[in-house]
Amino acid sequence: MTGQSRKTGDILMDRVKTIQAIAQANTEQLRLNQKASGLMVLEMKDMQDGVEDHAHEDAQAQNDAALKENTEMINRLEARLSALDEELEAAMKEQS
């Protein structure tokens, strides 16, 4: 089977799975962004109250790292989706 492309159905199934993974990663990104906003509010409240111990710095750093990692995952998934779209287009041309 060397040189032959995958079946269109197989490509479409991989595409659906990738789209589902992107949706899940986007949901996580929204959750992390909401958490970041909440931490910023807590930090502003601490500043307003004169608290200087920066109690939320660790949580902010962890959340920032998770946001970065999740953004990278979304980028990888979107690149995979693009590659699948190209593969699908090539398979469709072969069939016609």
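The values are calculated or read from the model by the stated rules, or taken from the named source; none is laboratory data. Given the structure is predicted, the values throughout are model-derived calculations rather than measurements. Every residue, glycine as well, gets a Cβ built from its backbone with ideal geometry; the counts of neighbours run over all protein chains shown.
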Worksheet item: Pick from the range 17-60 the residues that are in contact with a helix residue (DSSP H, G or I) (Cβ under 9 Å, 6 or more places away or on another chain), surrounded by fewer than 16 Cβ atoms within 10 Å (Cβ to Cβ) and not in a helix (DSSP H, G or I): which of them is modelled with the lowest pLDDT?
Response: His54
Worksheet entry | Within the range 1-16, considering residues that are of a type outside the set (D, E, K, R) and either outside any helix (DSSP H, G or I) or within 13 Å of Asn63 (Cβ to Cβ) (or both), the one modelled with the lowest pLDDT | Met1
